[in-house]
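The values are calculated or read from the model by the stated rules, or taken from the named source; none is laboratory data. Keep in mind it's a predicted model, so treat the numbers as computed, not measured. No Cβ is skipped: glycine too gets one built from the backbone with ideal geometry, and neighbour counts run over all protein chains shown.
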Amino acid sequence: MRSRLKFVVLPGWWFEVACVVGAAALLAWELGSGQRLPELVPLTLFGALLLASENTPILFPSATAVSPGFMTVMAAIAAFDHGGAVLGASIVGIAGGLSVDLIRKGRHTTVLFNCAQYLVASAAAAAVYESLGGLGRAWAFGGSVVVFAAINVGAVLPQVALNYRERPRQVWRDMRPALPNYFAFGLLGVLVGVLYREIGAVALPLLIIPAVITRKVFASFLELQEAHDATVKVFIKAIEAKDRYTAGHTERVAKYALYIGEELRLAARDLEHLRYAALLHDVGKLAVPRRILNKPGRLTEDEYAIVQRHNQVCVDILTRVDFMRSMVGTASDQHAYFATGASEREQSRLVQEAHIVAVADAFDAMTSTRSYRQALSQETAFRELHDKAGSQFNPRCVEALIRAIQKRGEHYGLGFEEGAVEFAVPPPVAGVGSAGLGDLVPRGVAT
Amino acid sequence: MKSLWGRLQPRERRVAAEVYLAVAAALVALGRLEGVSGLVVAAAGMLLAASLLVVVQAPIGTVPLGYALVIAIAALADIGTFFSVLALALLVTLPVLLVRYGPDDATRRMTRWLVAACACGGAAAGMRALAHGTSPDVLLLQVSVAGAVFLSVDLLGRAVLPTPTAPPMHVRLAWPVHVSILCAAGLLTVAYHHDKWMAVVALVPLVMTRFAFDRYAAAQEAYRQTIRALSIVPEVAGVTPLGHGERSAVYAVALARQLGFSTEAIERVATAARLHHIGYVTLDDPEDATTHEDQVRLAKQGGDILRETEFLSEVGDLVEGVAASDVTSREAAIVRIATAFDHLVLEDPARAVGAVQLLKFQQNDPYGAAAMLVLRQVLDEDPAVVERAIASGAPLTEAAAASGAQRG
């Protein structure tokens, strides 16, 4: 059976086609002007390298994708420095646009556009490298990096803005963090190019092998993180299966905790830690009998004693297990526990994490319908948090949550609940208290 | 607006600081060796020492970043200069190692480095005698041989003189780190030969590799901690003895190693041993699981929970298989024997012998009989495994004892 060629056209197709025409004209001029063509072997080698590197970007944990493509371009320029650098870099550059993924998706005009912008940027970088060579290698290198980056950004920014109808400022904000990489990878590329000229292809494995290893390790890292996330989610499901009236609670608490963390400008790594702690803050529920967890109405003294005993046993045990300490912090106000073996910085992080999750947990408890009462309105929940700020909740965390929600224009609570649990008997408007650990907000947490 | 430095994650800042350190090391150590003076040797030695204290996390164990510098200096400098720089570096490193690892560990590391560096220096000198010239390809040959000798002797040293604070290095897992070190040394050497400033750039791939391994090691530890944390939930709930998961994992790993299982299979049986009671979290009352049928049902529920994630689906099968009437794999048999053995021994090592006798009559399936045989071998060859297992569960049991917590 014949498969039909897939062809996807995005709104910015005309811009892409215009760039392709311009690049084709430039290549025709280069070929027609009698420029020297570099040898076929290095041309093929660097072209293949660029193709491979553009199709296997290294994904950094901070979600930045670093393509070592520019490194290959600079390597080619440095390797062809003694003749045919501009034409050689142009031809090698074409390979930079050949993305297998885009071809599979039928984005053929985008593929051609990428080839074109890579061709022009590589040719310009090579021309600058050659012309500034007399001033010294540093000038030549700096000039070529700036020119390549300027053409790359100048072409890709409008293309993305047109195709995805994004504001140019936003596209620039996304592209800006990757700019310093041009210098690091460019320098490495020059080194490889120079070594290639001196000792031939034997220089390439010295760079390619560590790059392949690094890429593989980063890929394993991301896979492991995915496994971690999947495992945590499975246990969240187990918690929610046991206490169905809090379905979606942990995910929402994690979301609010991240809102607060972002407002407080926590580092990416601390945010990641906060997310896991928030997702697992209710894991203790797995140790509490279901009949108590799901009881509508006030707990008896005996039942409350069972919950408290479980809570205390959890806290006592977990604080002595280093990997569980932060989870204890999120579930209790007993800061003395943080002192067991943690450094001062670590203690401060754990305390902050506990404060954040306490506020997020309380906000979700108030704005969700429970078996013993209907959800409160967002305004009531904010007022309650404000009233308890300084005595029960950390005021900074309270302010951060309110600011984050208002900034996003989001609404939670009565009238805005998503996926609320259906109860056989509708809960009363006002309730008597909690039957779950999730509502046992820390007492005396204040700074 | 936050500065570039402020936008970096803490670990990335550390890596950035290391780049600067490596740059300085490369500049001073490699840029000035030609006109050797006492001051330059001192500076090079200090910087080599610093780079020896920065490690690359291999999947198991660590490798100092400074190895690349040792190999490059051996290939570039004459033997006298090499040993001057090395001696100074080791002298500067020693106090830090003593504080960090204690006298026994520090002495072993120092000895290993010294022997490996001597072999490396000798190999480089030998290669210089055999292959004359300073062309880049000759240099590359010299650094490759010197590097291979250094890393081989270092690995041999790890086997002969194992350090108490570091796990044994598994070549099968650590080779990517060694290859990266060797490539960095090669790149450093030929880059320096071409242009001293280029040597600085040559360290970039190694620093990136280090960053990648570092993040992977941190993620691996976090994942293990989550698994451990979750495994103690049934214990805290009182449906299974405190510390049972951790102790069972120690026995399961010992049995799997004895049978020569792959690293992945060892990890799998350890995780299954830790999580084999996870189905019990669905119980409302511990008294609800008294019959064998209950246990099979709960094991299936545990398996179902774990199979919901693709990554733990094999562990889920194992957990279910452990309680099945007919064990159908060696891995399931090992987990079953390990957990059953711990149920009998708990925290009393004196019960180990009796437990083996009891288990002997409980296992009548081929996989179980084979696993039983392996358990006896492990206990004969390494009787301390019982103490190690009890120690691994001790944080939980001691905590429970300290709080006077009632069970159930």
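When the residues of the range B:262-311 are filtered to those that are part of a helix (DSSP H, G or I) and touching a Ser or Thr at 6+ places or on another chain (Cβ under 6 Å), the one that is farthest from the other protein chains (Cβ to nearest Cβ) is B:ALA273.
Filter the range B:163-181 down to residues that are surrounded by fewer than 24 Cβ atoms within 10 Å (Cβ to Cβ) and either of a type in the set (A, V, I, L, M, F, W, C) or modelled with pLDDT of 80 or more (or both), then give me how many there are.
Taking the range B:163-181 first, the residues surrounded by fewer than 24 Cβ atoms within 10 Å (Cβ to Cβ) are B:163-176, B:178-179.
Now narrow it down to the ones that are either of a type in the set (A, V, I, L, M, F, W, C) or modelled with pLDDT of 80 or more (or both): B:166, B:169, B:171, B:173-176, B:178-179.
Of the residues in the range B:163-181, 9 are surrounded by fewer than 24 Cβ atoms within 10 Å (Cβ to Cβ) and either of a type in the set (A, V, I, L, M, F, W, C) or modelled with pLDDT of 80 or more (or both).
Entry remark, the range A:147-179: residues being assigned to a helix (DSSP H, G or I) and out of contact with any helix residue (DSSP H, G or I) (no Cβ under 7 Å at 6 or more places or on another chain) number 11 in total. Here A:PHE185 meets the list (1) in contact with a strand residue (DSSP E or B) (Cβ under 7 Å, 6 or more places away or on another chain); (2) farther than 21 Å from B:LEU182 by Cβ; (3) crowded, with 22+ Cβ neighbours inside 10 Å almost entirely, failing just condition (1). The residues of the range B:184-201 that are at the interface with another protein chain (Cβ under 8 Å from one of its Cβ atoms), modelled with pLDDT of 80 or more and either within 19 Å of B:VAL54 (Cα to Cα) or not in a helix (DSSP H, G or I) (or both) amount to a single one, B:ALA184. When A:VAL202, A:VAL190, A:VAL128 are checked against the criterion of being farther than 16 Å from B:LEU187 by Cβ, part of a helix (DSSP H, G or I), outside the structural domain of A:GLU272 (by TED's automatic domain parsing) and not charged (D, E, K, R), A:VAL128 stands alone in meeting it.
Please verify whether the range B:129-150 includes one or more residues that are of a type outside the set (Phe, Trp, Tyr), exposed (fewer than 14 other Cβ atoms within 10 Å of the Cβ) and over 24 Å from A:LEU195 (Cα atoms). The answer is yes, given that some residue of the range B:129-150 is of a type outside the set (Phe, Trp, Tyr), exposed (fewer than 14 other Cβ atoms within 10 Å of the Cβ) and over 24 Å from A:LEU195 (Cα atoms). If B:VAL253 meets every condition in (1) farther than 22 Å from A:ILE209 by Cβ; (2) at the interface with chain A (Cβ under 9 Å from one of its Cβ atoms); (3) free of Cβ contacts under 8 Å to residues at least 24 places away in the same chain; (4) not polar (S, T, N, Q) apart from one, which number is that one? The single condition B:VAL253 does not satisfy is (2).
Scanning the range A:338-374 for residues that are outside any helix (DSSP H, G or I) and modelled with pLDDT under 85 returns A:THR340, A:GLY341, A:ALA342, A:SER343, A:THR369, A:ARG370, A:SER371, A:TYR372, A:ARG373, A:GLN374. Would a scan of the range A:245-260 turn up a residue that is within 10 Å of another protein chain (Cβ to nearest Cβ) and among the aliphatic types (A, V, I, L, M)? No, that holds for no residue. For first residues located in the range A:290-306 and in the same structural domain as A:THR369 (by TED's automatic domain parsing) and surrounded by fewer than 14 Cβ atoms within 10 Å (Cβ to Cβ), partners that are modelled with pLDDT of 75 or more and acidic (Asp, Glu) and lie 6+ apart or on another chain with Cβ distances below 9 Å form the pairs A:ARG291/A:GLU303. Annotation note: of B:GLY80, B:GLY45, the sole residue that is at pLDDT 80 or above and part of a helix (DSSP H, G or I) is B:GLY80. Listed by first and then second residue, the pairs linking a residue in the range A:94-116 that is free of Cβ contacts under 8 Å to residues at least 12 places away in the same chain and at negative phi to a residue that is part of a helix (DSSP H, G or I) and surrounded by 20 or more Cβ atoms within 10 Å (Cβ to Cβ), with Cβ atoms under 9 Å apart and 6 or more places separating them unless they lie on different chains, are A:ILE103/A:VAL111.
At pLDDT 90 or above and at negative phi: does that describe A:PHE393? Before you say what the answer is, go through the steps one by one.
Numbers: at pLDDT 90 or above: no; at negative phi: yes.
So A:PHE393 does not fit the description; no.
Here the range B:360-408 is the region considered, the condition is being within 14 Å of chain A (Cβ to nearest Cβ) and modelled with pLDDT of 70 or more, and the residue that is farthest from B:GLU331 (Cα to Cα) is B:GLU398. Filter the range A:172-216 for residues that are over 18 Å from A:PHE70 (Cβ atoms) and of a type in the set (Lys, Arg); which is nearest to the other protein chains (Cβ to nearest Cβ)? By that ranking, first place goes to A:LYS216. Of all the residues in the range B:211-233, those that are at the interface with another protein chain (Cβ under 9 Å from one of its Cβ atoms) and touching a Leu at 6+ places or on another chain (Cβ under 8 Å) number 10.
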